[in-house]
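**Q** Before I ask anything, let me first share the structure, which is written out below as structure tokens.
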Amino acid sequence: MRLTVERSGGFAGIVKAASVDTGRLPERVAKQIEALLAKLDLAALAKTAVKKARQADRFVYRIVVEGDGPKLEMTLAEPDLPEALKQCIDLLLRHDS
């Protein structure tokens with residue numbers, strides 16, 4: 001599974017991006033990411049992702065999930081991220097390959 005995250009906005013307006021193939025991660029980290037994603041209905045999240053106006057000093061996340069099923073893309077404002085997705089993004093940004 002390949003996961004790509006682009007975080008933009010925030011106080012400084014800096015863009016940070018990461019793209020990770022879970023097959024290349026340590027097994028423990030890959031399992032953590034997969035378990036977090038399993039808690040989410042990514043297809044529903046991608047369909048309902050709202051593109052709200054940017055809020056001052058808040059991050060906006062563009063997320064792409066590519067795996068066995070169809071490619072899913074979504075853009076979510078920081079306050080709209082489910083907790084499991086926040087944790088997944090933190091792992092991705094730390095283990096960018």
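The values are calculated or read from the model by the stated rules, or taken from the named source; none is laboratory data. If you're wondering where the values come from, they're calculated on a predicted model, not measured in any experiment. Positions of Cβ are generated from backbone atoms using ideal geometry, with glycine treated the same way; all protein chains shown enter the neighbour counts.
**Q** Does residue 30 qualify as being aliphatic (A, V, I, L, M) and touching an Asp or Glu at 6+ places or on another chain (Cβ under 8 Å)?
**A** Numbers: aliphatic (A, V, I, L, M): yes; touching an Asp or Glu at 6+ places or on another chain (Cβ under 8 Å): no.
The answer is no for residue 30.
**Q** Restrict the check to the range 47-70 and report whether at least one residue is acidic (Asp, Glu) and in a loop (DSSP other than H, G, I, E, B).
**A** As a first pass, look at the range 47-70 and keep what is acidic (Asp, Glu): 57, 66, 68.
Add one more test, that the residue is in a loop (DSSP other than H, G, I, E, B), and what stays is 57, 68.
Yes, the range 47-70 contains at least one residue that is acidic (Asp, Glu) and in a loop (DSSP other than H, G, I, E, B).
**Q** Give the range 1-36 a look and list any residue that's hydrophobic (A, V, I, L, M, F, W, C) and either in a loop (DSSP other than H, G, I, E, B) or in contact with a Leu (Cβ under 7 Å, 6 or more places away or on another chain) (or both), or say none.
**A** Initial filter on the range 1-36 (hydrophobic (A, V, I, L, M, F, W, C)): 1, 3, 5, 11-12, 14-15, 17-18, 20, 25, 29-30, 33, 35-36.
Within the range 1-36, 1, 3, 5, 11, 12, 14, 15, 18, 20, 25, 29, 33 meet the criteria.
**Q** Next up: Would you check if there is a residue in the range 68-79 being modelled with pLDDT of 90 or more, among the acidic types (Asp, Glu) and surrounded by 15 or more Cβ atoms within 10 Å (Cβ to Cβ)?
**A** So far as the range 68-79 goes, no, none of its residues is modelled with pLDDT of 90 or more, among the acidic types (Asp, Glu) and surrounded by 15 or more Cβ atoms within 10 Å (Cβ to Cβ).
Every residue, every condition in (1) modelled with pLDDT under 85; (2) more than 18 Å from residue 9 (Cα to Cα); (3) among the acidic types (Asp, Glu); (4) surrounded by 10 or more Cβ atoms within 10 Å (Cβ to Cβ), yes or no:
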position	(1), (2), (3), (4)
33	no, yes, no, yes
40	no, yes, no, yes
53	yes, no, no, no
57	yes, no, yes, yes
